[in-house]
Ligand SMILES: C[S@@+](CC[C@H](N)C(=O)[O-])C[C@H]1O[C@@H](n2cnc3c(N)ncnc32)[C@H](O)[C@@H]1O
């Protein structure tokens with residue numbers, strides 16, 4: 001990445017980070033409610049995940065979600081992960097350790113009091129995996145994000161516009177860094193492509209590619225009739241139209257590994273063995289670690305846990321997913337964006 005491009009990404013992070021910074025407040029509040037710091041302190045030494053989970057003041061049925069909360073606290077430098085997967089305290093922990101005379105917990109509580117009702121979602125976050133509810137959004141609203149959007153046109157519009165605003169930034173970065181991915185393709189379907197921002201940008205940059213966008217009916221019916229992009233209403237779990245390539249931008253992070261494997265297998269069926277590819281545009285959490293935008297990437301993992309029951313993934317997790325779905329190659333490329341590009345070939 002060049003100096004100018006890096007500066008641009010730094011500037012983008014200055015907007016993204018405060019946008020998602022409420023995740024810091026959520027996670028800090030949960031750490032306090034769960035007495036995580038005090039439990040580790042009274043243990044007298046760093047503690048394992050299961051020791052911590054079994055000492056919480058609420059039953060913990062989902063250790064994976066607890067691990068992700070702890071990973072975020074580590075990222076905030078409020079905990080450390082030590083050799084042997086042991087969770088320990090940091091120099092900042094004492095300020096939220098109730099037993100320490102210098103703690104500022106009461107101040108934290110006063111500041112957070114105004115938004116107390118929002119924290120109630122903690123209960124469903126640590127529900128057992130067997131729960132029929134896949135996300136906190138579903139627990140609070142009684143249905144998942146997509147079904148909710150299909151019944152609430154204002155929310156549908158707002159959500160689709162939010163997605164499009166990101167696609168407007170990411171797609172040019174994708175094309176600039178990875179032109180060669182598109183060269184040689186004659187057709188591409190943008191699966192879960194929302195209102196078509198990404199597919200129209202690709203169609204404009206590569207007029208020889210026949211582009212289409214597949215999304216749920218309530219999204220597709222809001223797309224104006226663009227001459228360069230065909231609209232297909234459908235469910236990606238049932239049918240993906242045959243094309244040289246499938247693009248999926250911010251799709252797989254909405255789903256757990258099992259569902260992702262189902263979607264990827266459907267993609268594989270829909271493309272030629274020779275030259276076919278899935279162009280995944282999603283966050284790779286640990287790419288270019290240490291960059292200003294890394295916090296946002298980790299914060300999005302917590303947001304996905306809340307909103308769809310999905311997750312962001314590390315490089316290793318992406319490769320495992322792609323190979324589990326039966327693809328033989330997986331190439332990961334950072335681009336000048338929050339997301340990276342993961343190309344899976346049959
Ligand atoms: C996070 S948005 C991403 C939109 C777009 N790809 C972008 O990057 O701006 C996820 C999209 O997946 C769509 N979606 C969810 N479930 C779907 C399904 N079963 N079949 C097709 N699309 C689906 C949603 O309607 C939504 O437009």
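Some notes on this structure:
- Cα-based shape type of region 3-131, given that a ≥ b ≥ c are square roots of the gyration tensor eigenvalues and the cut on a/c is 1.5: rounded
- Shown for 208, 253: other C-beta atoms within 10 Å of each C-beta, ranked fewest to most, produce the order 208, 253.
- Rounded, prolate or oblate (a/c below 1.5 giving rounded, otherwise prolate when a/b exceeds b/c) for region 149-345 by Cα gyration tensor: rounded
- In degrees, nearest ten, helix 294-307 long axis to first principal axis of the chain (Cα): 90 degrees
- log₁₀ of I(q)/I(0) at q = 0.11, 0.14 Å⁻¹ - the chain, Debye sum with one point per alpha carbon: -0.78, -1.19
- Helix 3-20 vs. the chain, principal-axis angle (Cα, 0 to 90°, nearest 10): 60 degrees
- Rg and Dmax over the alpha-carbon atoms of region 167-206 stand at 9.7, 25 Å.
- Of the residues 167, 233, 245, the one that moves most in a GNM of the chain with alpha-carbon contacts below 10 Å is 233.
- Alpha-carbon Rg with Dmax, taken over region 291-346, Å: 12.5, 35
- Overall form of region 182-273 per C-alpha gyration tensor (a/c, 1.5; a/b vs b/c): oblate
- Cα extents of region 31-75 along the three principal axes, largest first (Å): 25, 24, 19
Coordinate-derived values only; no laboratory data. Note that the structure is a prediction, hence the values are computed from the model and not measured. FYI the Cβ positions are ideal-geometry reconstructions off the backbone, even for glycines, and counts take in every protein chain you see.
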